[in-house]
There are 2 protein chains.
Amino acid sequence: MTSQPIRNAPNQEWMRRAIALATENVALGNGGPFGALIARNGAIVGEGANTVTATNDPTAHAEVNAIRAAARALGTFSLAGCELYTSCEPCPMCLAAAYWARIDAIYYASSAVDAARAGFDDAFLYGELRKDSHARTLPATQLLREEAWASFAAWIASTTKIPY
Amino acid sequence: MTSQPIRNAPNQEWMRRAIALATENVALGNGGPFGALIARNGAIVGEGANTVTATNDPTAHAEVNAIRAAARALGTFSLAGCELYTSCEPCPMCLAAAYWARIDAIYYASSAVDAARAGFDDAFLYGELRKDSHARTLPATQLLREEAWASFAAWIASTTKIPY
């Protein structure tokens, strides 16, 4: 007996589907060459491709779109029990989104190195996130910290809140 | 003369607005106690509060919602020239989203420490992103790397692509 969760074997056909979404996306002109899908219990429950330029949404990466689609389809904000298949290693935004969505496992095809060869460089972002706030190129300044506690106090006092 | 960009002084009223959005959001029952807005050229161009639980979207943090709203309002995927005001230090997903959106500067009120006192702990996520892939709690496995190059090859060959 084992208390370890049983990890599904990687599904190559789902990865081929994610890659096909990425390649098709270039021809469709919707955005970058990235595709992703969410699978659960042997079935695809959400798909997405990068639509940053087509929808004027800088957060519309393939993984984020696939997570949104799956959560909408399943009617839940938790994708625990789901796996993410993505045509390329997730950027920090998409990786953190996968954590927030409670995804169980990630499968990816291209490496960040491959993406860099095609003009995409997520390595810079990973480097920024490793730094302390004051050392980053995007400046961040704190103000009104005391006043802002009111928001958390309201949350703590709420009897109807839904933790996530 | 200086070649440094002129940084606007922090606008306390905009931060009070972000805090108000956060506090109101608890009463509205839309999600966590977080609010944010995007400002440009002296005006607010987009607002957002956390709607994770109300919209079943684990990516719908206040900053992401504000970025989406501002990009939609301005009709562009680049928020260069814009500033982000947020009631709390951005999580890694939202910080990376601000980079992708080309935001100029971030102003925040509560610290991650304050958020932790209210039951939110983004520190774990920052720790995960600092780790190498194999050391993270969310397992990531590579497969079909060679096949996936086709997507990037299509992007490189495309004469109609829009870089972002």
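The values are calculated or read from the model by the stated rules, or taken from the named source; none is laboratory data. Quick caveat: nothing in here was measured; it's all calculated off a predicted structure. Cβ sites come from the backbone with ideal geometry, for glycine too, and all protein chains shown count toward neighbours. What goes into the accessible areas is simple: the full protein's heavy atoms, side chains included, and nothing from ligands, DNA or RNA. Shrake-Rupley method; radii C 1.70, N 1.55, O 1.52, S 1.80 Å.
Here segment A:39-164 yields Rg over Rh of 1.04, to two decimals, using C-alpha coordinates and the Kirkwood radius. If Lys and Arg each add +1 and Asp and Glu each add -1, what is the summed charge of the other residues whose beta carbon sits under 15 Å from the beta carbon of A:Phe152? Here the count lands on -4. Full extension of the chain between A:Leu138 and A:Asn8 gives 42.8 nm of extra length, using 0.36 nm per residue less the Cα-Cα distance. Taking the three principal axes of the alpha carbon atoms in the protein assembly as shown, the coordinate ranges are 61, 52, 31 Å, sorted in descending order.
Between A:Leu79, A:Leu138, A:Leu95, the residue with the greatest mean-square fluctuation in the GNM of chain A (Cα pairs under 10 Å linked by springs) is A:Leu138.
Computed over chain B with a Gaussian network model linking Cα atoms closer than 10 Å, the most mobile of B:Leu84, B:Leu37, B:Leu28 is B:Leu28.
Protein heavy-atom accessible surface, 1.4 Å probe, per residue over chain A: 43 Å².
For the protein assembly as shown, DSSP calls about 60 percent of its internal beta bridges antiparallel. Where in segment B:136-151 does the amide nitrogen come within less than 15 Å of the point 7 Å from the Cα of A:Arg130, taken along Cα to Cβ? So the set is B:136. Evaluated at q = 0.22, 0.29 Å⁻¹, a Debye calculation over the C-alpha positions of segment B:71-128 (equal weights, vacuum) places log10 I(q)/I(0) at -0.87, -1.16. On association of chains A and B, roughly 7900 Å² of accessible area becomes buried (total for both chains; probe 1.4 Å). Compared with the direct C-alpha span, the chain from A:Ile156 to A:Ala73 gains 26.8 nm at full extension, assuming 0.36 nm per residue. Per residue, the average separation of C-alpha pairs within less than 8 Å and at least 6 apart gives chain A a relative contact order of 15 percent. In units of the compact-protein estimate 2.2 N^0.38 Å, segment A:1-83 shows a Cα radius of gyration of 1.20. List the DSSP H helices in chain A whose Cα atoms stretch 30 Å or more along the helix axis and whose mean Kyte-Doolittle hydropathy is at least 1.6. In chain A, no H run is both long and hydrophobic enough.
Counting from the shortest, the label point at A:Gly29, 7 Å from Cα toward Cβ, is 4.5 nm from the same position in each remaining copy.
Database remark: amide H of B:Cys82 closer than 5 angstrom to the amide H of B:Asp104 (H placed geometrically; neighbours at sequence offset of 5 or more, or on other chains; Pro and chain starts carry no H). Put simply, what bits of segment A:80-100 lose 30 Å² or more of accessible area when the other protein chains are there, versus the chain on its own (1.4 Å probe)? SASA drop of 30 Å² or more in segment A:80-100: A:Met93, A:Leu95, A:Ala96, A:Tyr99, A:Trp100.
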